[in-house]
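Student: Okay, handing you the structure first.
Every read-out reported here was derived from the displayed coordinates using simple, explicitly stated rules and does not represent laboratory data. Owing to the predicted nature of the structure, the values given are computational and were not obtained by experimental measurement. Cβ placement follows ideal geometry from the backbone for every residue including glycine, while neighbour counts extend to all protein chains displayed.
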Amino acid sequence: MTLYKARNPISPSLTSVVRVEHVSKEYQLGTQTVLALQDVSMVVAPGRFLAIAGPSGSGKTTLLNLIGCIDTPTHGDIYICEELVSDKTPDELAGLRARTLGFVFQTFNLLPVLSAWENVEYPMLQRRELSRKERHERVEHYMNLVGLSGKFRNRPNELSGGQRQRVAIARALAGGPSIVLADEPTANLDSKTGESILALMKEINEIEKTTFIFSTHDFRIMEMADRVVSVADGRLVK
C-alpha cells in the first residue's frame, strides 16, 4: 500500500500528538448545567490506535469533539501536536483541523449534492498549498485504496452504507492528516462491512503510523486497539 505522507509530518522528537490537561466541559440545558466531562487528563503518543470506550452518555463523544477542535473546553487545556488549541481563534482552529486532523463520523456526513469524488476533494479546496493536480491525484489514490474505483461519480444516495463510510475514510485520509478521529465508525454498518473497514484503518495505522482515535462501544475496535481509555459519567476510569 502506498500512501500520501502528512503535509505536516510528526517530528521524531514529539512525544505526544494529543495532550489533555484537567479538561472539563459544561453544557447549559435550560436552567440546568450538565457536566459532560470532569477533570479529564490524558496523553496520546504518535502512531496509536486508541479507543475511547464507554456507554451512551458517558462523555466519550464530547472528549473526541474537544480533541478534534469541534468544541472547546469549559476548563483546562488541550494540545494537538504540542500546539495549545484552547486559546486559538475559530479561523486558527479551522486551519489546524484542515492541516492536522481527519474525521470519520457514524452518519458519514457526506454532502448529498456532491459525487463521491467531490466529497473527498471538498475539504482540500481550503488548502491553497495543494494544486488541482495534487488534489485529483489524492482523490483518485484514496478512492482506489478504499475499493471505490468504479464509484467516483456516484452520489451518496446511490451508495450502500459501507460504500459511504469508505468515501468518508478516503475524505479523512486525502489531506494527509497526522490524526484521524472516528466517532462510532462501525455503528451503521453490518458486521462483515464493519470488519473490513476496521481492517483497512488498522493497516493504514501500521504502515503510515497515522494516529487513530475512536469513540466507540464496539468490542471489535477495543480488541484491535493498542490502548483503550474508558470513560464513565464524564470521568476516565482507571
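Student: For the pair Leu14 and Glu223, what calculated FRET efficiency results from E = 1/(1 + (r/R0)^6), where r is the Cβ-Cβ distance and R0 = 25 Å, to the nearest 0.05?
Tutor: So the FRET efficiency works out to roughly 0.35.
Student: State the answer as a single residue: which of Thr33, Gly68, Gln165 lies farthest towards the positive end of the charge dipole of the chain, with beta carbon charges of +1 for Lys and Arg and -1 for Asp and Glu, about the Cα centre.
Tutor: Gln165
Student: Could you give the angle, 0 to 90 degrees to the nearest 10, between helix 132-145's Cα long axis and the longest principal axis of the Cα atoms of the chain?
Tutor: With both axes taken from Cα atoms, the answer is about 80 degrees.
Student: Next question. As a test of the formula, what do you get for the chain when each DSSP H run with n ≥ 4 contributes -39,500 (n - 2.57) and the sum is divided by the residue count, at 222 nm and rounded to the nearest 500 deg cm²/dmol?
Tutor: Helix contribution divided over all residues of the chain: -10000 deg cm²/dmol.
Student: Now for a separate question. Can you compute the FRET efficiency between Arg132 and Arg153 using 1/(1 + (r/R0)^6), with r the Cβ-Cβ distance and R0 = 22 Å? Round to the nearest 0.05.
Tutor: So the FRET efficiency works out to roughly 0.80.
Student: Among all lysine pairs in the chain that are eight or more places apart or on different chains, how many have alpha carbons less than 22 angstrom apart?
Tutor: Lysine pairs, 8 or more places apart or on different chains, close enough: 11.
Student: Same structure, new question: Convex hull over the alpha-carbon atoms of the stretch 156-235: what's its volume per residue in Å³?
Tutor: 112
Student: Put a dot 7 Å past each Cα toward the Cβ at Gln28 and Thr107; how far apart are the dots in nm?
Tutor: Output for this residue pair reads 2.4 nm.
Student: If you place +1 on the Cβ of every Lys and Arg and -1 on the Cβ of every Asp and Glu, how big does the dipole about the Cα centre of the chain come out, in debye to the nearest 20?
Tutor: Around 620 debye, computed over the chain.
Student: Amide H of Ala182: which non-local residues (sequence gap of 5 or more, or other chain) have their own amide H closer than 5 Å, using H built in the peptide plane?
Tutor: So Ala182 has HN proximity to Val104, Ile213, Phe214, Ser215.
Student: Going highest first, how would you order 47-57, 147-157 by mean Cβ packing within 10 Å?
Tutor: 47-57, 147-157
Student: Report, to the nearest 10°, how far helix 161-174 tilts away from the longest principal axis of the Cα atoms in the chain, using its own Cα long axis and a range of 0 to 90°.
Tutor: With rounding to tens, the tilt is 80 degrees.
Student: Also, quick follow-up: Per 0.36 nm of contour for each residue apart, how much would the distance between Asp77 and Glu140 grow if the chain were fully extended, relative to their Cα-Cα spacing?
Tutor: 18.9 nm
Student: Figure the gain on full extension for Ser86 and Gln38 (residue separation times 0.36 nm, minus the Cα-Cα span) and round it to one decimal in nm.
Tutor: Roughly 15.6 nm would be gained on extension.
Student: Quick one: Karplus J couplings for the stretch 215-226, per residue in order, coefficients 6.51, -1.76, 1.60, θ = phi - 60°, nearest Hz, x for Gly and Pro?
Tutor: Rounded to whole hertz, the list is 9, 7, 10, 7, 5, 5, 5, 4, 5, 7, 5, 8.
Student: If R₀ is 30 angstrom, what is the calculated FRET efficiency for the pair Ser160 and Asp233, using the beta carbon separation as r and rounding to 0.05?
Tutor: 0.25
Student: Using Cβ counts within 10 Å as a stand-in for footprinting exposure, how do Glu208, Glu195 rank, fewest first?
Tutor: Glu195, Glu208
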